[in-house]
Structure formats: C-alpha cells, structure tokens
Amino acid sequence: MNKVVYKCCICSEGIGEDAQKAHPFDPCAVILVGNWSKEREEQKAQQFFCHLECFRKLVEPLSPLYIEESDSND
C-alpha cells in the first residue's frame, strides 16, 4: 500500500510526521469555496493542504488564528 504524501501549498515542502516542520495537527486542509454568497449549487470548492505553522504565519498578521491545541482529556 502506498503512503499518501502531502505538499504544503504555502512553502511547497512535504508534510509528514517525520518532516522538519511537523506539528501534531499536520497535515491541515484549507477549503476554498468560490461563490460563497450564492446558492450551494452554484458554489465551487477546492481543498489545499498545508503545515499548520505555515498557515498561521500567513494568517496571523491579518487576524488572530485560534486553534485549540490542548488535549481534550485535560
């Protein structure tokens, strides 16, 4: 069985547990929805993959990114 390999759409590096930028939430998926304000039938969506830290660096200068990172058993 082949292992699925993801590539970050921001930094173009591979995403995996053994990657240098590995984060417990990696890989992350960012879903872009076109025609968001229109009826669902008119919307189009595409999914992109990225490192959590790459996405955070891209978004945080514009607006805070809050992702719960604590263990739910705490």
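The values are calculated or read from the model by the stated rules, or taken from the named source; none is laboratory data. All of these numbers come straight from a predicted model, not from anything done at the bench. Here Cβ is always computed from backbone atoms with ideal geometry, including for glycine, and neighbour counts include all displayed protein chains.
The C-beta contact set for segment 28-44 (first residue free of Cβ contacts under 8 Å to residues at least 40 places away in the same chain and more than 24 Å from C54 (Cα to Cα), second residue in a strand (DSSP E or B) and of a type outside the set (S, T, N, Q), distance under 8 angstrom, 6+ apart or interchain) comprises N35/K44; Q43/V33; Q43/G34; K44/V33; K44/G34. Within segment 59-66, can one find any residue that is in a loop (DSSP other than H, G, I, E, B), surrounded by 10 or more Cβ atoms within 10 Å (Cβ to Cβ) and either modelled with pLDDT under 90 or among the aromatic types (F, W, Y) (or both)? Within segment 59-66, one or more residues are in a loop (DSSP other than H, G, I, E, B), surrounded by 10 or more Cβ atoms within 10 Å (Cβ to Cβ) and either modelled with pLDDT under 90 or among the aromatic types (F, W, Y) (or both).
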